[in-house]
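The values are calculated or read from the model by the stated rules, or taken from the named source; none is laboratory data. All of these numbers come straight from a predicted model, not from anything done at the bench. Methodologically, a virtual Cβ is constructed for each residue, glycine included, from the backbone with ideal geometry; neighbour enumeration extends over all protein chains shown.
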Amino acid sequence: MEFQINKNIMSMGSLEVITGSMFSGKSEELIRRVKRAIIAKQKVFVFKPKIDNRYSNTDVVSHNGETIEGYAVENSEEILEILKDEKDVNLVAIDEVQFFDEGIIDVVEELVDKGIRVAMSGLDLDFRGEPFDITAKLLAKSEFITKLQAVCMKCGKPATRSQRIVNGKPASIDSEIIQIGEKESYEPRCRRCHEVGKKK
Ligand code: ZN
């Protein structure tokens, strides 16, 4: 009996997640992987949630200003809609994955089942230091994980937390929505320097 190579195994998809705090270089790393795939003449699609309007509507932009063209989508279903007639897609990259709806998990698994490599970047923890549900589930389901660290703005040590500051003070644990007139900012902090204000 002749040995036959299973073609399904040859084109097996995979899931990779780049995670870490804000300013840890997640988007830069995702863009780096996208660029490498483009150099290798692979068919690449880049998506990000429309909610993230910080710099541009259609480009994925990292803090160091590097850009790659991509689709800003309203929800996870739109990704399947855009890809439905595309053949031989090699890489699907998704930025800011923590902002997607719960359906993104099924969408991503469907793409992987079709033999596509899916690479995502997303925050692991919110400003309180609690996991983002979507990222936590994707991390558990992924083949490859890259966890990046920023630099703590207080002590200079590696930072794993995103400090939310409202009106110059650490945001309190129950502060979900920013009131009109409030100023908020974020900075990377280490576990020790990360502060969360008590309930108001
Ligand atoms: Zn620190």
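Identify the residue in the range 147-178 that is away from the ligand (no atom under 16 Å from the Cβ) and among the hydrophobic types (A, V, I, L, M, F, W, C) and, among all such residues, is surrounded by the most Cβ atoms within 10 Å (Cβ to Cβ). I'd like the intermediate steps shown before the answer.
At the first step, the residues of the range 147-178 found to be away from the ligand (no atom under 16 Å from the Cβ) are 147-148, 166-169, 171-178.
Filter again for among the hydrophobic types (A, V, I, L, M, F, W, C), leaving 148, 166, 171, 173, 177-178.
Numbers: Leu148: 18, Val166: 17, Ala171: 22, Ile173: 15, Ile177: 5, Ile178: 13.
The qualifying residue surrounded by the most Cβ atoms within 10 Å (Cβ to Cβ) is Ala171.
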Quiz item: Tell me, which residue of the range 79-123 that is buried (at least 21 other Cβ atoms within 10 Å of the Cβ) and of a type in the set (S, T, N, Q) is farthest from Arg36 (Cα to Cα)?
Solution: Gln98
Exercise. State the number of residues belonging to the range 7-27 that are surrounded by fewer than 16 Cβ atoms within 10 Å (Cβ to Cβ) and closer than 15 Å to Ala119 by Cα.
Key: 2
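Determine, yes or no, whether Ile51 is within 16 Å of Ser121 (Cα to Cα), modelled with pLDDT under 95 and assigned to a loop (DSSP other than H, G, I, E, B).
Numbers: within 16 Å of Ser121 (Cα to Cα): yes; modelled with pLDDT under 95: yes; assigned to a loop (DSSP other than H, G, I, E, B): yes.
Spelling it out, Ile51 is indeed within 16 Å of Ser121 (Cα to Cα), modelled with pLDDT under 95 and assigned to a loop (DSSP other than H, G, I, E, B).
Kindly evaluate Glu110 against the criterion of being within 16 Å of the ligand (Cβ to nearest atom) and either within 15 Å of Ser21 (Cβ to Cβ) or of a type in the set (Asp, Glu) (or both). Explain how you work it out, then say what you get.
Details: within 16 Å of the ligand (Cβ to nearest atom): no; either within 15 Å of Ser21 (Cβ to Cβ) or of a type in the set (Asp, Glu) (or both): yes.
No; evaluated as a whole, the condition is false for this residue.
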Exercise. Check Lys87 against each of (1) touching a residue at least 24 places away in the same chain (Cβ under 8 Å); (2) not in a strand (DSSP E or B) and name the one condition it does not meet.
Key: (1)
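Applying the selection to the range 184-200, what residues are basic (Lys, Arg) and either near the ligand (Cβ under 9 Å from one of its atoms) or part of a strand (DSSP E or B) (or both)? So that I can check it myself, show each step before the final result.
Taking the range 184-200 first, the residues basic (Lys, Arg) are 189, 191-192, 198-200.
Arg189, Arg191, Arg192, listed by residue number.
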